[in-house]
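Working notes for the structure below.
The values are calculated or read from the model by the stated rules, or taken from the named source; none is laboratory data. Only a predicted model underlies this, so the values are computations on that prediction, with no experimental measurement involved. Don't worry about glycine lacking a Cβ; one is built from the backbone with ideal geometry, like all the others, and counts go over all protein chains shown.
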């Protein structure tokens with residue numbers, strides 16, 4: 001039983017990671033090429049829901065605060081590493097056009 005709980009928790013964490021990648025970069029997992037596309041879509045939707053709920057919980061928590069420049073994690077308004085190639089601003093945070 002504990003092994004199954006572990007797999008569910010790890011699967012949820014991977015789905016949440018994919019959700020965070022989608023929200024930060026606009027890149028999505030190309031699941032339409034697989035026969036299990038419907039199942040994969042539901043799995044990714046589960047990750048989206050868990051990620052959204054986690055963010056809401058963190059924002060309400062007294063244990064978290066906004067990042068300051070003195071924290072040493074880079075600039076606050078930095079959008080991450082420099083992107084090469086195409087400008088990513090053309091993509092919305094919800095839907096991405098794939099080449």
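Test residue 80 against the criterion of being out of contact with any helix residue (DSSP H, G or I) (no Cβ under 6 Å at 6 or more places or on another chain), surrounded by 10 or more Cβ atoms within 10 Å (Cβ to Cβ) and either modelled with pLDDT of 90 or more or in a loop (DSSP other than H, G, I, E, B) (or both), and give yes or no.
Working: out of contact with any helix residue (DSSP H, G or I) (no Cβ under 6 Å at 6 or more places or on another chain): yes; surrounded by 10 or more Cβ atoms within 10 Å (Cβ to Cβ): no; either modelled with pLDDT of 90 or more or in a loop (DSSP other than H, G, I, E, B) (or both): yes.
When the stated conditions are applied, residue 80 does not pass them.
When you look at residue 3, is it surrounded by 12 or more Cβ atoms within 10 Å (Cβ to Cβ) and modelled with pLDDT of 85 or more, yes or no? No, not satisfied. Filtering the stretch 25-38 to residues that are assigned to a helix (DSSP H, G or I) and either surrounded by 13 or more Cβ atoms within 10 Å (Cβ to Cβ) or modelled with pLDDT of 90 or more (or both) leaves only 25.
Might you let me know whether the stretch 51-58 holds any residue that is over 19 Å from residue 22 (Cβ atoms), at pLDDT 85 or above and in a loop (DSSP other than H, G, I, E, B)?
Filtering the stretch 51-58 for residues over 19 Å from residue 22 (Cβ atoms) gives 57.
Next, only the ones that are at pLDDT 85 or above stay: 57.
Next cut, in a loop (DSSP other than H, G, I, E, B) only: none.
The answer is no; no qualifying residue exists.
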